[in-house]
């Protein structure tokens, strides 16, 4: 499956990205990609996008990555909504109040938990008896 994605180039703390078409299963290292279709520098906000070639590869079946899809939407090369890049947190569903016994175990009212626990790996110490006089 073909993918259009970013290929990071540039020095440490100075990122810039080539936009390349590549096979999803293979890394883009050392020029192993089908075609370079653009360039993006996030520090200087410089963007060079080959609109015709990007639209061609999408028509052939290449899928843009989420970040690149959002860039293409903001540059109005493709139409659509932006895709959330990060995973959303799962929202816990509220349980109905009719079945409280299944969600929480019952706690006995006269239960007293132990106040101290013995150290791990040792047997609990026995209290010393006071000498009788």
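The values are calculated or read from the model by the stated rules, or taken from the named source; none is laboratory data. Keep in mind that what you see is a predicted model, and the values were worked out from it rather than measured. Cβ: placed from backbone, ideal geometry, glycine included. Neighbour counts: every protein chain shown.
Consider only pairs whose beta carbons are under 7 Å apart and that are at least six residues apart or on different chains; among these, list those whose first residue lies in the stretch 34-51 and is within 12 Å of residue 7 (Cβ to Cβ) and whose second residue is part of a loop (DSSP other than H, G, I, E, B). That search, which allows pairs on different chains as well, returns 37/50; 38/50. Screening residue 20 against (1) at negative phi; (2) not in a strand (DSSP E or B) leaves a single unmet condition, (2). Screening residue 105 on (1) modelled with pLDDT under 75; (2) assigned to a strand (DSSP E or B) shows it passes everything except condition (2). Applying the set (1) within 25 Å of residue 14 (Cα to Cα); (2) crowded, with 19+ Cβ neighbours inside 10 Å; (3) in contact (Cβ under 8 Å) with a residue 60 or more places away in the chain to residue 67 leaves exactly one unmet item: (2).
In a residue-by-residue description of the stretch 16-28, the property of being surrounded by fewer than 13 Cβ atoms within 10 Å (Cβ to Cβ) and either modelled with pLDDT of 90 or more or more than 21 Å from the chain's Cα centre (by Cα) (or both) applies to no position. Determine, yes or no, whether residue 45 is surrounded by fewer than 16 Cβ atoms within 10 Å (Cβ to Cβ), within 23 Å of the chain's Cα centre (by Cα) and modelled with pLDDT under 95. Judged against the criteria, residue 45 is not a match.
Within the stretch 89-101, the set of residues being at pLDDT below 70 and either surrounded by 10 or more Cβ atoms within 10 Å (Cβ to Cβ) or assigned to a loop (DSSP other than H, G, I, E, B) (or both) comprises 94, 95, 96, 97, 98, 99, 100.
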